[in-house]
Structure formats: C-alpha cells, structure tokens
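The values are calculated or read from the model by the stated rules, or taken from the named source; none is laboratory data. In this text the structure is predicted, and so the values were computed from the model without any measurement. Neighbour counts are summed over all protein chains in view; Cβ atoms, including those assigned to glycine, are modelled from backbone coordinates with ideal geometry.
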Amino acid sequence: MNTKRILIIGGPGTGKSTLITELEQQGHTCFHEISREVTAAAQKQGIEQLFLTQPLLFSELLLEGRIQQFKAVEKLNVPHAFYDRGIPDVAAYMEYTGDEYPDMFRKACEHHKYDMTFMLAPWKEIYEQDNERYESFEQAEIIQKHLITTYENYNYSLIDVPFGTVSERITFILNSLKNL
C-alpha cells in the first residue's frame, strides 16, 4: 500500500498537537512533534533553550528525527499517516532566526515530499506559552509567515484549516482527504 503522508503545520500554539492526539485516539496513524523531546533532553543536560543557544545542533537533531518519521511510513500498511510538522519546518525556523544552515537541509526538503499539507493559522484565543514554547504570539505570527514562504518555495499547496472546535477541524481535514 502506498501510504499518503498528511502534514499538519502552523506556527507555535496553533493546535497541531491537539489535532494529532485526537486523530490518533480515533485510530489514525500519527507522528508526533519531536521538538519538545529534543528541548526536554537538552534541559536535562542543563541547556534551557537549545534552539536559542545552539540552533544548528537543535535543527540537525530535528531534521534527523523528521526524516526518520518520514521513512517510517514505508513499513506501514495504512492508507495515510498524519505528521505534526514536517521536514521543511526546520528550514523555515532557520530562516526565522536568520541562521545559516548547510545545504543538506534544502536537499532533505526536496527529497522528502508530503502528499497533502494542512495549515493552521495563529489563533490568539488558544495560544499559550510554556517551558518549551517560549515564543510570544507576535513571534508565532512571524514564524507562520516563514512557514508559508518555505513550504510554497518547495511547491506545496497549503490547505487552510478554519478555526473551530477540535472535532470541526478534524472533520474538515478528513473530508479533504477524500480529494487525495
């Protein structure tokens, strides 16, 4: 079976992880965001924000993990799998910070293509900061612009998910899969 890779993207705090968790509870195959794991592991080593102190190392760890998630689908026999963020997110964040990054990031974006990409917009009413999410809402909006630009530069068609309840957003996404 040729499993379709379905990507859910958006700036920090847009509801991606909530949707992924609910999709998984409904029985769908899902790959969770790994940046929190990378951040938490660094914090255990005394590095409060690896993304801020060593952005290239942080991004390399994310890239490696997201490529592993991308390839993991090849062993599955399901019609589709959902991802909380994708490989191009890494490049978008590097663009956001203005940091230089090796060409391997661009090549990874070019060689690992997702089949459908849903975009969640910044939503002030649900936005929360925590130990791993240090960005302000205003920064989240700027990151969103970098995400859009990066994904469009890699020829993705972004499907905007309307604001609504978790159930309404999932219904929108699942109904959109019928066009795949």
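Summary of computed values
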quantity: Any chance F118 is within 17 Å of Q69 (Cα to Cα), outside any helix (DSSP H, G or I) and either basic (K, R) or modelled with pLDDT of 95 or more (or both); calculated: no
quantity: Of all residues in segment 26-59 being charged (D, E, K, R) and exposed (fewer than 14 other Cβ atoms within 10 Å of the Cβ), the one that is farthest from H146 (Cα to Cα); calculated: K44
quantity: The lone exception for I126 - which of (1) at pLDDT below 85; (2) in contact with a strand residue (DSSP E or B) (Cβ under 8 Å, 6 or more places away or on another chain); (3) of a type in the set (A, V, I, L, M) it fails; calculated: (2)
quantity: Single residue of Y151, Y114, Y96 found to be free of Cβ contacts under 8 Å to residues at least 60 places away in the same chain and surrounded by 15 or more Cβ atoms within 10 Å (Cβ to Cβ); calculated: Y96
quantity: L23 being on the phi < 0 side of the Ramachandran plot and at pLDDT 90 or above; calculated: yes
quantity: Residue in segment 13-20 that is modelled with pLDDT of 95 or more and in a helix (DSSP H, G or I) present; calculated: yes
quantity: Candidate set from segment 69-112 (those that are out of contact with any Asp or Glu (no Cβ under 8 Å at 6 or more places or on another chain), assigned to a loop (DSSP other than H, G, I, E, B) and within 20 Å of S35 (Cα to Cα)); member that is modelled with the lowest pLDDT; calculated: D99
quantity: Residue identified as crowded, with 20+ Cβ neighbours inside 10 Å, closer than 20 Å to A140 by Cβ, under 16 Å from the mean Cα position of the chain (by Cα) and aliphatic (A, V, I, L, M) among L63, L19, L23; calculated: L19
quantity: Yes/no for A72 being under 30 Å from S176 (Cα atoms), aliphatic (A, V, I, L, M) and buried (at least 19 other Cβ atoms within 10 Å of the Cβ); calculated: no
quantity: For Y156: the one exception among (1) in a helix (DSSP H, G or I); (2) within 15 Å of the chain's Cα centre (by Cα); (3) under 21 Å from A81 (Cβ atoms); calculated: (1)
quantity: Of all residues in segment 75-93 being within 20 Å of I20 (Cβ to Cβ) and hydrophobic (A, V, I, L, M, F, W, C), the one that is surrounded by the most Cβ atoms within 10 Å (Cβ to Cβ); calculated: V90
quantity: Residue in segment 159-180 that is surrounded by the most Cβ atoms within 10 Å (Cβ to Cβ), counting only those that are in a loop (DSSP other than H, G, I, E, B) and without any contact (Cβ under 8 Å) to a residue 24 or more places away in the chain; calculated: G164
quantity: Qualifying residue in segment 131-139 (condition: in contact with a Gly (Cβ under 8 Å, 6 or more places away or on another chain), surrounded by 15 or more Cβ atoms within 10 Å (Cβ to Cβ) and not in a loop (DSSP other than H, G, I, E, B)); calculated: yes
